[in-house]
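> Dumping the structure here so I can ask a few things about it.
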Amino acid sequence: MKNNNTESTRYYSDLHEKSVCKELNGTQTPNSGAGRFRKGDVVQQNASLLIECKTSMSEKNSASIKKEWFEKNKEEAFQTRLNNHCICINFGPNTQNIYCIDSKLMKFLVDCLEAEYLYRN
């Protein structure tokens, strides 16, 4: 049975994960990756990307990002044979998703953006 309790963190986490799935054409991991074999919150299989989602139950002006989140996400991506990983945060319900990526993925993104720019010009 679905948890519709708007006072629970799981409710807001589920909304956040669904928004990331919609944005990136990803798949939500059952039970937020707490199972034995499927990890992370969202998988975008075609990009070989594991996404860990962090949200707040109410709108905030700031958020703390923990190094351990990146380390755990990287390890879980490796365990699930995904090449890329990122953390997605937002500052509360219905706020913009912000993606935190490592330098490897940032370099790839810059290379793609440069190639697109050169192609257009």
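The values are calculated or read from the model by the stated rules, or taken from the named source; none is laboratory data. Note that the structure is a prediction, hence the values are computed from the model and not measured. We place every Cβ from the backbone using ideal geometry, glycine too, and count neighbours over all the protein chains shown. Ligands, DNA and RNA are stripped out before the accessible areas are found, and what is left, the full protein with its side chains, is counted by its heavy atoms. Shrake-Rupley method; radii C 1.70, N 1.55, O 1.52, S 1.80 Å.
> Restricting attention to segment 97-121, report how many residues are among the polar types (S, T, N, Q) and either in contact with a Pro (Cβ under 7 Å, 6 or more places away or on another chain) or open to solvent by less than 60 Å² (accessible area, probe 1.4 Å) (or both).
1
> Would you mention how many residues in segment 64-96 are among the polar types (S, T, N, Q), in contact with a Ser or Thr (Cβ under 7 Å, 6 or more places away or on another chain) and crowded, with 17+ Cβ neighbours inside 10 Å?
Of the residues in segment 64-96, 2 are among the polar types (S, T, N, Q), in contact with a Ser or Thr (Cβ under 7 Å, 6 or more places away or on another chain) and crowded, with 17+ Cβ neighbours inside 10 Å.
> List the pairs whose first member sits in segment 89-102 and is closer than 11 Å to H16 by Cβ, whose second member is in a strand (DSSP E or B) and of a type outside the set (V, I, T), and whose Cβ atoms are under 9 Å apart, counting only residues at least 6 apart or on separate chains?
If the second residue must be in a strand (DSSP E or B) and of a type outside the set (V, I, T), the pairs left are I89/C53; I89/K54; I89/Y99; I89/C100; N90/C53; N90/K54; N97/C53; N97/C88.
> OK, next. Does segment 19-29 contain at least one residue that is of a type in the set (D, E, K, R), modelled with pLDDT of 95 or more and open to solvent by 60 Å² or more (accessible area, probe 1.4 Å)?
yes
> Does any residue of segment 76-83 turn out to be in contact with a Gly (Cβ under 6 Å, 6 or more places away or on another chain) and either closer than 22 Å to S19 by Cα or not in a strand (DSSP E or B) (or both)?
yes
> Please give the number of the condition N4 fails out of (1) of a type in the set (S, T, N, Q); (2) modelled with pLDDT under 95; (3) surrounded by 15 or more Cβ atoms within 10 Å (Cβ to Cβ).
So the condition that N4 fails would be (3).
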